[in-house]
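Derivation of every value follows stated rules applied to the coordinates shown; laboratory data play no part. Here the structure is a predicted model, which means the values were calculated and not measured.
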Amino acid sequence: MLIQHKQEGNKGIYFIEDDGNILAEIIYANADNDKLMIIEHTEVDDELRGKNVGYELVHKIVEHARMHGQKVAPICPFAKAIFDKKPDFQDVLSE
């Protein structure tokens, strides 16, 4: 399953697409001069639920933040729950 990335201005999305339809997405905004990624929304289509797709999208955000020296603020309840369960993601969690 290919996770793609698009960014325009301070908004970005990681997503999985099939035949032009987005089946899963995590939407973020950059803030504080690109030092902070705010996870605004995560959504996974019913056909992909239970396959760790949501976790993989959050993991992509964590990798992105690490590569770019950013912190992450998970406003989205799903993403926040993932951060709460994964101690190895705490290095990028904003305070």
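Karplus-derived 3J(HN,Hα) values for region 48-56, using 6.51 cos²θ - 1.76 cosθ + 1.60 with θ = phi - 60°, are 9, 5, x, 10, 6, 5, x, 4, 4 Hz; glycine and proline are entered as x.
Full extension of the segment from residue 75 to residue 31, taken as 0.36 nm per residue of separation minus the current Cα-Cα distance, would add 14.5 nm.
Among the listed pairs 11/60; 51/71; 11/51; 6/86; 11/71; 11/86, a Cα-Cα separation exceeding 23 Å is found for 51/71; 11/51; 6/86; 11/86.
Name the shape class, rounded, prolate or oblate, that the alpha-carbon gyration tensor gives for region 21-95, where a ≥ b ≥ c are the square roots of its eigenvalues, rounded holds for a/c under 1.5, and otherwise prolate holds if a/b is larger than b/c and oblate otherwise. Cα axes put region 21-95 in the prolate bin.
If you take every DSSP beta bridge whose two residues both sit in region 3-76, what share of them, in percent to the nearest 5, is antiparallel?
Given both bridge residues lie in region 3-76, the antiparallel proportion sits at roughly 85 percent.
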